[in-house]
Structure formats: C-alpha cells, structure tokens
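The values are calculated or read from the model by the stated rules, or taken from the named source; none is laboratory data. All figures in this text were calculated on a predicted structure; none of them were measured in a lab. A quick note on method: Cβ atoms are made from the backbone with ideal geometry, for glycine too, and the neighbour counts reach across all protein chains shown. For accessibility, only protein heavy atoms count, side chains too; no ligands or nucleic acids. Shrake-Rupley method; radii C 1.70, N 1.55, O 1.52, S 1.80 Å.
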Amino acid sequence: MAQAFEWAYLWRVLLMLGMNAAVAAAAWRAAQVWFARAHRSERLLAAGVLFFAQIVLVTGLLGFLGLVSLPVFAAAALALFTGSRYLKHPEKIDFDCLETGERLVETVLPPVKALLVLAGITLAAIALWGIVMHPPPGGDGYIYHLYFPATWLQQARITYVDLPYGVQAATYYPLNTELFYLWLMLPVHDDFITNAAQFPALILGAVCVFALARRARASRNGALAGACLAVLIPGFAQQAGVARVDLFFSLWFLAALYFLYAWNDDKKTAQFIMAGICWGLFLGTKSLAAPYSLLLFLPFVWFLGPQGPRRAFASAVAMGLLLIAFGGFWYIRNALITGNPFYPLQMEVGGMMIFPGAYGKDAMALFHASGASELGRITDLFLGRWLGLFLGLCWMWAGIQQLIGLITGKKNTYVYLFIVPAAVFALFWWVNPHNNLTNGRFLFPGFVAACVVAGLVVSKKRTINGQVLIWAGVAAVVAAGFRGAGQGAPASDHVFQMWRSILQSVSGRPGLLKEAAPAFLCLGAGMCLAGLAAMGWRRAKFSTVTRFSAVLLVSILFVAGLSMSWTYQRQTKYIWLAQAGVAGQSWYQLNAQTMKYYETTGQPTVVASVGNERAYALFGTRLHNRVLAVNVDSHSHWHFHDYHSHYMKHLKNGRETKVLQNERPQYHRINADCGAWMSNLESAGVQLVFSTTLSPVGMQFMEHTADGFPVEVEWMRQNPDRFRLVWSVRSPVMRRVPGTAAAPVAEAAAIYAFIPQ
C-alpha cells in the first residue's frame, strides 16, 4: 500500500502547530515575567502549567458559549499571544550568579548518567510511537475520552453526552483533559495527535519531581535520578502514548503540592496563584481528585496558620475562586442540573443522605477488591516488581532519616512528602471504589511522590559505595522494563516493543508498519538534529545564519513528519482497528461504507449505536459520521439524571431497588418500547444502526437476545420493513456469561439500514 502524501491538509497541520505555538509563547512570556528570579525548573514548570491552563479556560469558555469553531479558536490563540506581548519583559538576569540552589556545580554521577540515557531513549520511543502510530486503543479512550470532544466538535458546543452502553457516570465526570483533546482535534478535524497528548505531562511531571526534590534539599544527582525514575515507570510510559488523562492527573497533583511548598517558602503571590491553578486543573481532571485533594488541603491549611485570621480567610477565598475557575465549574454544572455536584455518586454521612445519586454503596462495592494479593498485582504491572521494591526501600530509608531529624529537633516542613505516597495508597485501596487491576493508574500521584522521596536519599559522593544505591535503581528500572505479560495482565515491556517495531519499520520490514517509515525517519531526524543543536548551542558560537538554518531544517522535518504521520493514520487507522476482532472488523466496514457516502454527497451519515461501548470508532477517519445514543422510550431528550430523578419519585413497585444493585443502573431502559425507539430514530434522522453483542458483564443486567445482542436487535429482526441487514460478522469463539446458567454466546456485530416512513 503506497502512502500518498495529502498536501491538501498540510495547512491544517500548520494551523494546529501555530495555535499551540502561540499559546506556548504566551505561557513562556508570562512565566518569564512572574517567575523571572525563580530557578529554571520552577520557571519551566510554570510555563507548562500556564500553557494548559490557558487552553482549558479558552476551550471551556468558548465551548459552553457554543462557539466551538476553528476561526474562533484560532482568534483566541492569537489574542493570547498578542496580549502576552504587553507583559513587562524582565531585565536580563545572569541565573548562574543567583543563589537559587540550582547552580551547575555538582558533577553528574555515572549511574545518574545511565538513568538519563535510559530516560532519553524512553522519551524518544514514546514521542515517535505516540505521534505516528494509531493502533487499537484501550477502552476508555474510545468510550469517552475521545467520544466527548468529537461530539462537542460536531455540535459546536459543550453538552451532556449520553454514552450508548458504557458507564453512564462518565457523562458527569470533570473533563478538563477532554477540553485539551477538543483543542487538538478541531484544527485537523481528527484525533491523529491525541495519542501523544499526555507526552508533555510526562516531561512536566519529571520537571516537577526534580524541582520539588531540590526544594526539599536533595542533591542535584538525587533530583535528576528521581526525575528519570518518573519517566521510566512502566505505567507512565504506557499511558503517555494513549488518549487518557492519568498522567495529567498525577502531574497536577504534584505540581499543586510543589507550588504550595514554594508559596510557603517564598511568600510570592505568583506561586500561590500557580498552586490554585494546578489544584483546580487536578479537580477538573478526575472525580477521584476530590478525595485525593485532602492531601493538598492539609498542607494548605497548615501553611495558612502563621498568616493570621484575616489574611488566612482572604487566602482561602482566593484559593476557592481559583479552584472553581480551573476545574470546579464541572461540579457546579452537575449541581445546577442534577442537584448533586458529584452525581451520579450518592453521598451519605452517618446514614444521612447528603446528595442523592444513582450509584450507592452496593453498586460501588461490586468492583472493590479487598485481597492484598490484588494490590501486589497492581503495583507489579504499573510500577514493576523490582522498581517498586527499590522505591519502597528508598521511602523507608528516607523516612527513618526524617524521623531521626524530628526526634533531634531539626525543623523540616518537607517531612509531609513521606506521608503522601502511603496516603495515596490508602485512599486508592479504601476510598476508591474501583481499586482493581485495570485501575492501578489511580496510584500515579503516589508514584511520582515516591520518586521525589527516592531523590532525597541519593548520595552526593563520587565513591563506588556512594553510588551503589543509584546503580540499584538503574538495575530495578531495567528489570521492570523487561517484564513481559503475566497473570492475565498486559506486558510492561512496551518501551522495548515500541523500539523494536519502530526499527523494523525503518529497516523496511514487510507489513503494515512499513508504511510508517517515512514519518518515523522525518520525526527522528528532526529530534536528533534538535538535540544536537541544543547540546552545542552554548558550547559553540554558531552564526546567525547557522542558527536560522538549523531551526528551519528542524521545523521542515517536524512538519513533514507530522503530515506524513497524519496521512498514514488516515489510511491505516481502520486497518489497525480491524485487527481488534469482531468489533474492529465491523468498524472497518462501517467506515468504508459511510466514507463513500460522504465523498459522494458531502453529508454525514447519522449512526445510532446499539450495544457498542467504544462508540468513538463509529465517527470515521475524518469524523464524517454523526454518532448518537437514541433513547428507547418516549422521552427522546432525557438524560440519565432525568430518568433517575423520575423513577426515584414515581416508581413504587420496588424496581428501583433492583436497578441500584449494579454498577450500571438502567433507569433509561425500564420502559423500553420498540415503537418509541423507532420514532426517536426517525426524528434524529438515523440512517444506520450499528449493533454489537453485549459484554459478559453487560448481559448480567441488561435485557438481551439469546445470542447476546441487546433487545433493540430483536426489534430490528421483527421489523424487516423498517430495518435491512447490511453487514454482519460472528466470532467462532463462544463465551459464557459469568454467574448464569445461560448457554454460551459468541461475540458478534451487525449493521442495519434504517428505512424511515
């Protein structure tokens, strides 16, 4: 398959880069002004935080106003860039002369150099893989992380998006990172760069680990080692190449903690504001940030103590406003519409109902693990057995040192850092309802905090004995990265797998990956040239012409690589998905058929999803389809909270108790009716109905046919005058629904054409 370069779409790539460059320049300018005399790691961290904060504010505001369009977003980026030019430029400062604690006087030890090399190799692999490839994603990305922004993009505003058959709770999640995905998807009208969207969070997380360790008086070697460990944790590397939110979740937590400490040390308003921005972004990323915020609230209150009542009250009010501005608005939206800021979670204290919701204790307990062996499996997968042991030993050793310091009367406000990893594990295990194997990513804030602690115990000595601990860390990282699949869990050696696949592609190995070779080569060459230029920039006196030529060449290589990556993904995305089994084959068929219709008529195909959780795959390569979740009763415009509120008030026959006993209560399907459903299909202009069999879990609580399809498929079979089967596929592998005596069923999918009256 020859890879044709789509020059017609080059301007979209350039516009996307231009918009992000404008916002990044504004963020860097602001960081230079407000953190001019801060050490470099803090200034870099502030610039990164401001970059994402600007995007969240602009995208959220324009989205809620119904102004989601490319000209408006581009104008907003230009306005931010222009406005930043009016900030007062700081005087030129010789940073090497400042007493910042970050002067380059400490020689980097050999094992730390080894960690830096491993971290660099890992970052290069993640960047190349995340930008170029688009293999079948994990469930959450296609269930809602990308499904929400794609729907917002098509509707040109932020709305409640009902999930077809997934966990309805996601409709009410805080969605800051999804705003960032919307920002990236709008210029190109595609998701080709979103796989790498968390890559900056990984880099900023490493910067934050370094900065916090240095503030806690770690050696430069220790801070560098801790930062490298944060990059090399298997779970972090795995998440950096997929469209999820967990690296941002950990980044904002640690960044908020850093700026709280910085504010307490330096008493600067800019640091207080940055702490509030990071904390708000943290709350706006995951619902789980609400209980985790206790670990930020405690030091904040402690730092308020010396200020006096009046100033402490003003600081608390200011912090609350920052939290609302950068993440709390999602909770306010839920409160205004549902009456519960944490909907659909039901909040009870001492048996007293605080906020009614659809998910009570019984539902939340279904996926809550209790065995200690499960926690071991989780850390083994996401952290690596030997790396986890290394970080644990560092934490214990540093904790003993801190305890001795407290006993001997040494003042150290950073002792709280040693509580954070253990507290995160405790919150994950006892407060988080989904503490099973697949959700070990909720431990990420504890992992980055543990990396900071590890940096505090690394010796400054150049002797072999002084370096033994760091060499043990290098060995632990390598051992963690080499572990393959086990215990029914995915492999953690994905960095090595990525590099192997990249090198096979570049060497011309036959197969689908071979078509990605031009993109890999262009991006790789640009990265190498940029790295060489950065290393030699201060050592060699390059002429202005040489500098301009280097920047121009790197830019050309990068833009060409992105354009070829986009072309490759558009041509191969659904070929990749087709390898994901029956569902992938049906996505491939749907995309092929609807793409022909779009190219012929210029109109989108309206697709109703039935039984398919990963409905984002139905949008098509250019988001050329409209994908809907159509209600199955007479309330065509009700959302999940409308159904829940109605049935809790009016249903008196006890059925409400039944629907509360599972994780996905089906209030919206209690009065399912074939006639009402078809009427809703017709009013929505649906042309195709895409159906798949339910998952074994879904079949436990949803009405379904004998062969595993939801009841809508039975309705279509009973009405051949209104529904025509277009395509179907069935797996030869049979599976049994757990906990039932029903006969085994096969995974299957079918596409029906809806014939309106």
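When Ser219, Ser250 are checked against the criterion of being surrounded by fewer than 24 Cβ atoms within 10 Å (Cβ to Cβ) and polar (S, T, N, Q), a single residue qualifies: Ser219.
Of the residues Ala227, Ala201, which single one is within 15 Å of the chain's Cα centre (by Cα) and in a helix (DSSP H, G or I)? Every option except Ala201 fails the conditions. The requirement of being farther than 21 Å from Ala30 by Cβ, open to solvent by less than 10 Å² (accessible area, probe 1.4 Å) and not aromatic (Phe, Trp, Tyr) is not satisfied by Leu288. A single entry from Leu184, Leu163, Leu179 fulfils the requirement of being buried (at least 21 other Cβ atoms within 10 Å of the Cβ) and either assigned to a loop (DSSP other than H, G, I, E, B) or in contact with an Asp or Glu (Cβ under 9 Å, 6 or more places away or on another chain) (or both): Leu184.
Phe303 meets each of the listed conditions (1) closer than 30 Å to Ala480 by Cα; (2) modelled with pLDDT of 85 or more; (3) of a type in the set (Phe, Trp, Tyr) apart from (1). Selection of first residues in region 141-153 that are open to solvent by 10 Å² or more (accessible area, probe 1.4 Å) and of second residues that are of a type in the set (D, E, K, R) and at pLDDT below 95, restricted to Cβ pairs under 7 Å at least 6 apart or on distinct chains, gives the following pairs, ordered by first then second residue: Ile143/Glu613; Ile143/Arg614. With respect to the conditions (1) free of Cβ contacts under 8 Å to residues at least 40 places away in the same chain; (2) open to solvent by less than 70 Å² (accessible area, probe 1.4 Å), Gly328 falls short on a single one, namely (1).
Applying the criterion of at least 2 residues that are at pLDDT below 85, out of contact with any Ser or Thr (no Cβ under 6 Å at 6 or more places or on another chain) and of a type in the set (Val, Ile, Thr) to the helices (runs of 4 or more DSSP H) found wholly in region 329-402 leaves 372-382.
A single entry from Asn176, Asn221 fulfils the requirement of being at pLDDT below 95 and of a type in the set (S, T, N, Q): Asn221. Within the option set Gln589, Gln579, being among the polar types (S, T, N, Q), open to solvent by 70 Å² or more (accessible area, probe 1.4 Å) and closer than 30 Å to Thr692 by Cβ holds for one residue only, Gln579. Scanning region 425-459 for residues that are part of a helix (DSSP H, G or I), over 19 Å from the mean Cα position of the chain (by Cα) and not small (Gly, Ala, Ser) yields Phe425, Leu427, Trp429, Trp430, Cys451, Val452, Val453. Screening region 670-685 for residues that are open to solvent by 40 Å² or more (accessible area, probe 1.4 Å), polar (S, T, N, Q) and part of a helix (DSSP H, G or I) and picking the one that is farthest from Gln603 (Cα to Cα) gives Ser679. Gly399 meets each of the listed conditions (1) under 30 Å from Ile158 (Cα atoms); (2) without any contact (Cβ under 8 Å) to a residue 60 or more places away in the chain; (3) not basic (Lys, Arg) apart from (1). Taking the listed residues Ala47, Ala30, the one that is in contact (Cβ under 8 Å) with a residue 24 or more places away in the chain and not in a loop (DSSP other than H, G, I, E, B) is Ala30, with no other qualifying.
What residue, among those in region 407-424 that are open to solvent by 30 Å² or more (accessible area, probe 1.4 Å) and assigned to a helix (DSSP H, G or I), is nearest to Leu391 (Cα to Cα)? The residue in question is Ala422. Here the condition is being outside any helix (DSSP H, G or I) and closer than 23 Å to Ile755 by Cβ; of Asn612, Asn591, it holds for Asn612 alone.
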